[in-house]
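The values are calculated or read from the model by the stated rules, or taken from the named source; none is laboratory data. Keep in mind it's a predicted model, so treat the numbers as computed, not measured. So basically every Cβ, Gly included, is an ideal-geometry build from the backbone, and we count neighbours across all protein chains shown. Side chains included, ligands, DNA and RNA excluded: accessible areas come from the protein's heavy atoms. Shrake-Rupley method; radii C 1.70, N 1.55, O 1.52, S 1.80 Å.
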Amino acid sequence: FVMGIAALKGQLNLNTSQQAMWDNAVAAGKAARDSARASHQQMHATLTAELAKAEPDLAAVATAADAARDAAAAQHRQVRAAWLNLYSTFTPDQKTVVKNALQQKLARMDQFREKMQQRRGS
């Protein structure tokens with residue numbers, strides 16, 4: 001959904017308020033990606049440190065992985081909420097632009113899925 005809206009910026013004719021919300025949603029997405037990247041690096045460091053031990057504590061690795069996943073999920077929900085909040089301010093015309101783009105994307109995904117099923121079937 002988010003990527004569907006992000007690709008449509010030029011077609012949406014955002015007003016000043018919507019543009020500010022757009023900028024905030026984009027910034028939140030970038031911050032979430034940076035945070036996820038840092039969490040992944042920390043997870044990797046934890047795993048590397050444990051594997052260097054004679055008896056690695058895999059429970060510690062699992063705990064770190066769970067914490068990273070939970071943090072990423074929370075940030076994902078915040079970013080999604082920012083985009084949905086922006087969408088709620090759209091005019092009917094803006095919502096139609098988004099709807100049409102999402103329908104086209106869904107159709108492409110369905111065509112791709114059918115193509116892959118045909119390849120597996122033959």
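Overview of values
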read-out: Members of segment 59-84 that are among the charged types (D, E, K, R) and either loosely packed, with under 13 Cβ neighbours inside 10 Å or in contact with a Leu (Cβ under 6 Å, 6 or more places away or on another chain) (or both); value: 66, 70, 77
read-out: Among residues of segment 1-54, those that are assigned to a helix (DSSP H, G or I), of a type in the set (Gly, Ala, Ser) and either farther than 17 Å from residue 65 by Cα or in contact (Cβ under 8 Å) with a residue 40 or more places away in the chain (or both), counted; value: 12
read-out: Single condition residue 89 does not satisfy, out of (1) β-branched (Val, Ile, Thr); (2) within 21 Å of residue 9 (Cα to Cα); (3) out of contact with any helix residue (DSSP H, G or I) (no Cβ under 9 Å at 6 or more places or on another chain); value: (3)
read-out: Set 38, 73, 25, 7: member being over 30 Å from residue 107 (Cβ atoms) and not charged (D, E, K, R); value: 38
read-out: Considering residues of segment 85-109 that are part of a helix (DSSP H, G or I) and open to solvent by less than 50 Å² (accessible area, probe 1.4 Å) only, the residue farthest from residue 30 (Cα to Cα); value: 107
